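Written below as structure tokens is the structure these notes are about.
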Amino acid sequence: MTLLDGKKLSQSVKDEVKSEVAKLVQKGIVPTLAVILVGDDVPSHTYVNAKAKACEYCGIKSLVYKLGADTTQSELLALINTLNFDDSVDGILVQLPLPAHINKATIIEAISTHKDVDGFHPFNVGLLNTGFESGLLPCTPLGVIKLLKAYDINVEGLDAVVIGASNIVGRPMATMLLNLGASVSVCHIKTRDLSLYTKRADLIVVAAGCVNLLKADMVKEGVIVVDVGINRLANGKLVGDVDFDSVSKKASFISPVPGGVGAMTIAMLMANTLKATLAHKKSREKSQK
Ligand code: GUN
């Protein structure tokens, strides 16, 4: 069994971004990411702080807007509009979840598609779904693909199962695997017999937020398992969605929690911010011609 070491890979992705950013800074371009957080959700504050820290490491300027839980939708839209038109800003990220009085879809659609470093805007989702992948792609599934490729895992022709159908992970994950030639099943909360799918799978990506959802008796020998779950137990321990101790005995490759996919998400956000900055630079140069 080989561990899919996301911690090590995320460090090398951030180091690559850092060296590319340094080249841009020498040309007078400072990649800039605006991060907006609305409300008091504790994990969101932790994630946003971690994103700002990664920006600092890579030399990316981060503008963090921490807004009160009573911020109105119009106020949030006004801030996004300002950032969309601010030529010094390359990327915009609105941390989810948003308070219930704000319509998530309206907010995501308001972000300029070129600055949508989360890859959540329907335009970028559409590019992914049509197989072009020329837009910005969601960070967590992009990190999973990067991790699989780093271990020379070719998914073409594999029977893949994605557990979880969220817009952040499950759906784009399934689409990326499909685009790479895997046969993909998407299982979710209404799936009647999860084992039916997982037992025949060559590759399983679990993103359900459910401790011990995937157990050894549900997988075949040699399976590749990627655990996207991050769950904190009552004793403070972080665990994924996979019963790691038992499943790792049957798996050929498995990602641990922590140390697996988690760190990849922020690393890919840094890579997306660099990508958006380079595209922004190109369009600026084109318009100056
Ligand atoms: N909340 C949980 N994951 C994410 C993410 O990748 N991006 C944003 N914006 N919010 C999240």
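Counting only residues that are away from the ligand (no atom under 15 Å from the Cβ) and either assigned to a loop (DSSP other than H, G, I, E, B) or over 19 Å from Phe253 (Cα atoms) (or both), how many does the stretch 150-164 have? Step through it out loud before you land on a result.
First, the residues of the stretch 150-164 that are away from the ligand (no atom under 15 Å from the Cβ): 150-163.
Retained after the next criterion (residues that are either assigned to a loop (DSSP other than H, G, I, E, B) or over 19 Å from Phe253 (Cα atoms) (or both)): 151-158.
Of the residues in that region, 8 qualify.
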Within the stretch 177-196, does at least one residue satisfy the condition of being within 16 Å of the ligand (Cβ to nearest atom) and either within 20 Å of Met270 (Cα to Cα) or among the β-branched types (Val, Ile, Thr) (or both)? no
For the stretch 83-127 the number of residues that are in contact (Cβ under 8 Å) with a residue 24 or more places away in the chain, under 20 Å from Arg284 (Cβ atoms) and not charged (D, E, K, R) is 10
Cβ pairs under 8 Å, 6+ apart or interchain, first in the stretch 50-66 and on the phi > 0 side of the Ramachandran plot and crowded, with 16+ Cβ neighbours inside 10 Å, second among the small types (Gly, Ala, Ser) and assigned to a helix (DSSP H, G or I), ordered by first then second residue, are Gly59/Ala22
*Report yes if Lys281 is of a type outside the set (S, T, N, Q), more than 26 Å from Ser62 (Cα to Cα), away from the ligand (no atom under 16 Å from the Cβ) and surrounded by fewer than 23 Cβ atoms within 10 Å (Cβ to Cβ), otherwise no.*
no
Considering residues that are under 15 Å from Val117 (Cβ atoms) and not polar (S, T, N, Q), the number found within the stretch 21-36 is 6
Restricting attention to the stretch 241-278, the residues that are out of contact with any Ser or Thr (no Cβ under 6 Å at 6 or more places or on another chain), among the hydrophobic types (A, V, I, L, M, F, W, C) and within 16 Å of the ligand (Cβ to nearest atom) number exactly 7
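Taken together, the values in this text are just the output of simple stated rules run on the coordinates, not laboratory data. In this text the structure is predicted, and so the values were computed from the model without any measurement. Cβ atoms come from the backbone with ideal geometry, glycine included; neighbour counts cover every protein chain shown.
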